[in-house]
Amino acid sequence: LSKLTQSRLPVRQYSRGELFHMLLIKSDNAAAETLAADYEGGRSKFIRDMNIRAEIMGMYGTHFDDPSGLSNGNLSTASDVTTMVATAAQYYPIIRQISTKKEADILTYVKNKTRHTIIHNTNHVLLDSVDGIQLSKTGFTNPAGFCVAILIQREIDDEIHHRIVVVMGARNPIQRADTVKRIINRV
């Protein structure tokens, strides 16, 4: 794990799959930094390629300054996040699968002993109370507040409908979840 940001998991070598689980389930910033550091061309090329990809996707209000999302230089709009969620859902089924897991078991090694570390999803409140979530990602920074982006699938009049809900600027995780519930109950 990268030492650029803190993680509650011990420093050791992790597989990309484990890092992806830690990133999408636990929002582990060290996992994001580690994936970026391991990217062909390194961290700076990773960030540059993230910005190129955002532009290709038409996310003109988005700029990535770091892989974890912690930098105040990171910017986006709700519309751009919606585009990102739709693209991830369509082209990256692994993101859908991992981001909606309520927990995952990561093996850790402490003092030459193998231990199981259960990581819990940062969006457990919505995953436990809202049916049909197909993709989920939470976030928090001081400037942006508590944020979430989710894709919900619902059957209405025998037809499958998809809705993307993006909440930015909530004061706490409860307000974030309550806002999502109010929005989806109106649709």
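Values quoted throughout were computed directly from the atomic coordinates according to the rules given, and no laboratory measurement underlies them. Remember, it's a predicted structure, so these values are computed and weren't measured experimentally. Cβ atoms come from the backbone with ideal geometry, glycine included; neighbour counts cover every protein chain shown.
Taking region 86-109 and a reference point 7 angstrom along Cα→Cβ of Asp131, the backbone N atoms nearer than 20 Å belong to 100-102. Considering only trypsin sites (Lys or Arg not before Pro) in DSSP loops that have at most 16 other Cβ atoms within 10 Å, the longest stretch of the chain without any of them is 13-100.
For region 18-96, GluC sites (Glu not before Pro) are listed when DSSP marks them as loop and at most 13 other Cβ atoms sit within 10 Å of their Cβ; the list is Glu40. Between Ile174 and Leu107, the contour length at 0.36 nm per residue exceeds the alpha carbon distance by 21.1 nm. Applying the Kirkwood pairwise sum to the alpha-carbon positions of region 1-91 produces a hydrodynamic radius of 13.8 angstrom. Spatially close Lys pairs in the chain, defined by Cα atoms under 14 Å apart and a spacing of eight or more places or different chains, total 5. Pairing the Cα long axis of helix 16-26 with the longest principal axis of the chain, what angle in degrees results, from 0 to 90 and rounded to the nearest 10? Orientation of helix 16-26: about 50 degrees from the principal axis.
Net length available on complete extension from Ser15 to Asn72 is 17.6 nm, with 0.36 nm assigned per residue and the Cα-Cα distance removed.
The mean sequence separation of alpha-carbon pairs under 8 Å and at least six residues apart, normalised by the residue count of the chain, gives a relative contact order of 16 percent. Where (i) 1.11; (ii) 0.98; (iii) 1.05 are the candidate values, the label of the one calculated here for Cα Rg over 2.2 N^0.38 Å is (iii). Using R0 = 35 Å, the C-beta based FRET efficiency linking Asp38 and Gln90 works out to 0.85.
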